[in-house]
Amino acid sequence: MTTITSPVPVIDPYAPTAPASAWRFLHALNPLSKVAAVAPAMLLLVLVRDLATPASFIALAYAIILVGARITPRTAALLFLAVPVGVVVIGFGFSVWVDAALVDDTAPFLQIGSWTLFSGAVEIGFATALRLGAIAALALVGGLTTSGPDLVRSSIQQLRVPYRVGYTALAAFRFVPRFGHELAVIRAAHRVRGHHGGRGPIARIARGWGYIVPLLAGAIRHAERVALAMDARAFGAHPTRTERHLVPFRSRDIVFIALFFAASATIFIALFPWQPA
């Protein structure tokens, strides 16, 4: 009796991410739609100087991420702990560097001896910190739900980026995890051979310096293999190529862009101080 076995599944690292449920909608959107939705708001945030506008964009970005993205507990802790703490630290840091002569007509916020921190300086510092936090939060809308290969692939298909450039970027993207794997192998080989080099910061720097040459040699060998493989497959010999994985731009992407534009316009119209103080 002949037994028929099922084929072994092959994992394609370049395959698009698995489709998400309707509830986690950000993963199902085209990567370019997420970039197009947040890019105008990120550019306009550079011009604002108030506190309410960037704070509202941070809240909007957090709401979209919580509703539409699959996030791990570590990512959630980063969003709700690291980003607010960073805003507070950066805000006070910028406040200290504000020229006191520009805000000495405002109420004192903190006084240590002869040094005074005015409330106007705190407002300027936190306005700058909130702008940076809002830009970072908007970037996370696409950054947490888009992989590098998907973004490159959609740029080739929708923006007509030459595939020679796009797939060269994909090959470079694959270098990053490969470097991590090769570094782990080199470290294991050094430990087996007894090349510990002692402890302390100087010993760590010396060990790191010893990893550079093997990593560069491995990178050169890998780049040569990739170049030979691409040349053997006649990569770049034709103006176009057939795509194996498609990343379509659908009506849901247009709806997401339109809704985000509407929310952004509402925030700017309602909160931005159009009249100078």
Problem - For the chain: relative contact order, % (alpha-carbon pairs under 8 angstrom, 6 or more apart) - result: 28
Practice task
Kindly express, to the nearest 10 degrees and within the range 0 to 90, the angle between helix 148-158's C-alpha long axis and the longest C-alpha principal axis of the chain.
Solution key: 90
Exercise for the section: Relative to the longest principal axis of the C-alpha atoms of the chain, give the angle of the C-alpha long axis of helix 52-68, reported between 0 and 90° and rounded to the nearest 10°. Expected result: 30
Practice task
In Å³ and rounded to a whole number, note down the convex hull volume per residue for the Cα atoms of the range 152-232.
Solution key: 108
Problem - Gained length - GLN111 relative to LEU66, 0.36 nm times residue gap less alpha-carbon distance - result: 12.2 nm
Practice task
Within 10 Å, count the other beta carbons around each residue, average over each peptide in 88-99, 71-82, and list them highest first.
Solution key: 88-99, 71-82
Completion exercise
The Cα radius of gyration of the range 215-254, divided by 2.2 N^0.38 Å with N its residue count, comes to 1.85
Practice task
Could you tell me, in Å, what Rg and Dmax come out for the Cα atoms of the chain?
Solution key: 25.3, 94
Handout entry: Theoretical gain in end-to-end length, VAL165 to ILE254 [0.36 nm per residue, Cα-Cα removed]
Key = 29.4 nm
Practice task
For the range 118-276, calculate the relative contact order in percent as a whole number, restricting contacts to Cα pairs under 8 Å that are 6 or more residues apart.
Solution key: 26
Fill in the blank from the handout: Expected unfolding gain across ALA189-LEU246 under the 0.36 nm per residue rule, minus the alpha-carbon gap, is 16.4 nm
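Cα gyration tensor of the range 91-248, axes a ≥ b ≥ c as square roots of the eigenvalues: rounded (a/c below 1.5), prolate (a/b > b/c) or oblate?
oblate
A short reminder: the numbers here are calculations on the coordinates, not readings from a lab. Everything numeric here is computed off the predicted structure, so don't read it as measured data. Virtual Cβ from ideal backbone geometry, glycine too; neighbours counted across all protein chains shown.
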